[in-house]
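Following: one structure in structure tokens, then a few remarks.
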Amino acid sequence: MPYVATATTTGGRNGHVETSDGLLKFDLSVPREIGGPGRPGTLNPEQFFAAGYSACFGGAVEFLAKQDKLPIGDVTVTAAVTIDMNDSGFFLAVHLRTHVTGVDRTTAERLVNRAHTEVCPYSKATRNNIRVSLEVV
């Protein structure tokens, strides 16, 4: 049986979001950078997307390393999610900055590229929909 995550938002981007298990409960606010109030102590959907993508992508790298029997250390992924607007409306872009300890740069790059093209569900979902760039550090 597949896992289903459920969250409900009331009030849109300036409202409140909560998961069905009650563990995640946050007020939302549109960032000032895109014309919103940017209320202190609030989050926005792009932050949730960045958190989810970075966690999922790191897990995909770890999965591949385990499959390949590579003795890696920590995998750190920073997902920078940009929301911007052009003549067509709002759009997203993602930059994934990944550090893999315990392997050389060439191996890390191979793992990161494979995670993006073969494993990570976020990468699969965004493919050909938004610009995603990869960086290995």
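Quick notes on this structure:
- Charged side chains reduced to their Cβ positions (Lys and Arg at +1, Asp and Glu at -1) give the chain a dipole of some 140 debye around its Cα centre.
- Computed about the Cα centre, the dipole magnitude for the range 1-43 is approximately 140 debye when only Lys and Arg (+1) and Asp and Glu (-1) carry charge, each at its Cβ.
- Residue of LEU92, LEU23, LEU111 that the Gaussian network model of the chain assigns the largest fluctuation, springs spanning Cα pairs under 10 Å: LEU23
- Build a GNM of the chain with springs between Cα atoms under 10 Å apart, and of GLU46, GLU118, GLU109 the one that fluctuates most is GLU118.
- DSSP bridge analysis restricted to the chain gives an antiparallel fraction near 75%, rounded to the nearest 5.
- Helix axis angle, 105-114 relative to the chain longest principal axis, alpha carbon, degrees: 60
- Computed from backbone phi, the HN-Hα couplings of the range 118-125 come to 10, 10, 4, x, 5, 5, 5, 5 Hz, rounded to whole numbers (Karplus: 6.51 cos²θ - 1.76 cosθ + 1.60, θ = phi - 60°; Gly and Pro given as x).
- Measure of compaction for the chain (Cα Rg per 2.2 N^0.38 Å): 1.18
- Between helix 45-67 and the chain there is an angle of about 10 degrees, using the helix long axis and the longest principal axis of the Cα atoms.
- Averaged over residues, the count of other Cβ atoms within 10 Å places the peptides 72-81, 25-34 in the sequence 72-81, 25-34, highest first.
Quick note: the coordinates plus some simple rules give every number you see, no bench work behind them. The structure displayed is predicted, hence computed values, not measured ones. Reconstructed Cβ throughout: ideal geometry from the backbone, glycine too, with neighbour counts over all protein chains shown.
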